[in-house]
Amino acid sequence: MESIVRELQIKHNIIGRREELTSALIAAQAGKHILFEGAVGVGKTTMALAVAAHLKRKIVRIDGDERYTEQKLAGWYDPPLVLAKGYTKESFILGPLSKAMLEGAILLINELNRMPEGTQNVMLSAMDEKTIHIPKYGQVNAEEGFMIIATQNPDEYIGTSQLSEALKDRFICINLDYQSEEGERQIVKLRSSCRDDDIIEVSVAIARMTREEKEIRRGSSVRGAIDLSDMFWTIYGSFNDDLDKWVRCATPALLTKIELQDFSHEKFNELLKRIIDKTLELQRAGKTSSKAWHKNAKPEIDQIKSALIEKKK
């Protein structure tokens, strides 16, 4: 199992997540349906795709939204074909769920809780009894290998429906929290174009501090640190601790990634400037992190990059 986990980390650029990957692989081997749950930007979709790819089955992927009806999920009759041929199998358009069932494939649902509750509940019998009933079409039975791998952000409240207890009960839930500070630096080092360790260090520290600020409802994910590092590196080319320069880069990088509390009296720019100023003070004092982080992280990053280069060859 350890070697499989390491292979998935390298192949899919996953930093850490050994326990979560191990749990997901065990659940998949046991034939269980899997739900990856966590905040935005913690790698839920990446983990789901990694596990699905490892199983070497066909993947039927859908992205949930409030317009995804029960018919879109299970399948529907095409009206012109019905007029020409009647309610026959030739007139029926397979939905993602029935298609995955008939092909013994993996139904990968991104943002499951963005689907209406009625649409979600179509999956109940498919998950338990491996069968669904479609009016006029009849019964659809799942072939061996059918399973559902889904993701959701349970803290999102706009355009979402809370999963029913019956549906949640049918999943093995893998919870993904934010990575450690060192882990997030490794992610930024791997996924950004920035080549300055100090820029990465401060960018990650700023993103993490937004999650601890009481005036902020939703803090930045690691994507904010990636974007901030790229912006600062592209404009200035090297680290410096000028507050205005950091504010200039952080404002567009983090504007869509931070949500203030309803009761907050601070404007976004004022709050961001205060957070950056505090972070730079800690960085000058050497308190944002150990300077040895990059030295310790380098072997894992280099191993992943080397594996990717070999794969391209």
Candidates ILE216, ILE206, ILE199 - the one that is of a type in the set (Val, Ile, Thr) and touching a Phe, Trp or Tyr at 6+ places or on another chain (Cβ under 6 Å): ILE199
Which listed residue, of ILE4, ILE15, is surrounded by fewer than 17 Cβ atoms within 10 Å (Cβ to Cβ), under 23 Å from ASP177 (Cβ atoms) and not hydroxyl-bearing (Ser, Thr, Tyr): ILE4
Among residues of segment 256-285, those that are over 19 Å from LYS245 (Cβ atoms), exposed (fewer than 15 other Cβ atoms within 10 Å of the Cβ) and either in contact (Cβ under 8 Å) with a residue 60 or more places away in the chain or hydrophobic (A, V, I, L, M, F, W, C) (or both), counted: 2
Complete set of residues in segment 154-187 that are modelled with pLDDT of 90 or more, surrounded by 15 or more Cβ atoms within 10 Å (Cβ to Cβ) and in a loop (DSSP other than H, G, I, E, B): ARG170, TYR178, GLN179
Candidates GLU144, GLU111, filtered to the one that is modelled with pLDDT of 90 or more and either within 15 Å of ARG61 (Cα to Cα) or aromatic (Phe, Trp, Tyr) (or both): GLU111
Residue identified as closer than 30 Å to GLU281 by Cβ, in contact (Cβ under 8 Å) with a residue 60 or more places away in the chain and out of contact with any strand residue (DSSP E or B) (no Cβ under 7 Å at 6 or more places or on another chain) among GLU212, GLU201, GLU156: GLU201
Residue within segment 100-114 that is farther than 27 Å from VAL51 by Cα and either charged (D, E, K, R) or not in a helix (DSSP H, G or I) (or both) present: no
Segments classed as helices (runs of 4 or more DSSP H), wholly inside segment 8-95, with at least 2 members that are in contact (Cβ under 8 Å) with a residue 24 or more places away in the chain and either touching a strand residue (DSSP E or B) at 6+ places or on another chain (Cβ under 6 Å) or not assigned by TED's automatic domain parsing to the domain that holds GLY138 (or both): 18-29, 44-54
Unmet criterion (only one of (1) outside the structural domain of ILE15 (by TED's automatic domain parsing); (2) surrounded by 20 or more Cβ atoms within 10 Å (Cβ to Cβ); (3) under 24 Å from ASP63 (Cβ atoms); (4) of a type outside the set (Phe, Trp, Tyr)) for VAL202: (3)
Among the residues listed as ALA150, ALA142, the single one being in contact with a Leu (Cβ under 8 Å, 6 or more places away or on another chain), free of Cβ contacts under 8 Å to residues at least 60 places away in the same chain and not β-branched (Val, Ile, Thr): ALA142
ALA48 vs. criteria surrounded by fewer than 22 Cβ atoms within 10 Å (Cβ to Cβ), closer than 22 Å to LYS168 by Cα and of a type in the set (A, V, I, L, M): no
Enumeration of residues in segment 129-145 that are among the hydrophobic types (A, V, I, L, M, F, W, C) and either part of a loop (DSSP other than H, G, I, E, B) or over 13 Å from GLY95 (Cα atoms) (or both): ALA142
Residue in segment 126-139 that is in contact with a helix residue (DSSP H, G or I) (Cβ under 7 Å, 6 or more places away or on another chain) and surrounded by fewer than 16 Cβ atoms within 10 Å (Cβ to Cβ) present: yes
Subset of segment 188-226 [within 14 Å of ALA39 (Cβ to Cβ), small (Gly, Ala, Ser) and not in a helix (DSSP H, G or I)]: GLY219, SER220, SER221
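Each row is one residue, and each column tells you yes or no for (1) β-branched (Val, Ile, Thr); (2) under 18 Å from the mean Cα position of the chain (by Cα).
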| site | (1), (2) |
| --- | --- |
| LYS89 | no, no |
| SER98 | no, no |
| GLU103 | no, no |
| ILE106 | yes, yes |
| ASN110 | no, yes |
| ASP155 | no, yes |
| GLU165 | no, no |
| LYS168 | no, no |
| LEU176 | no, yes |
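The values are calculated or read from the model by the stated rules, or taken from the named source; none is laboratory data. Predicted model, so just to flag it, every value in this text is computed and none were measured. Cβ atoms come from the backbone with ideal geometry, glycine included; neighbour counts cover every protein chain shown.
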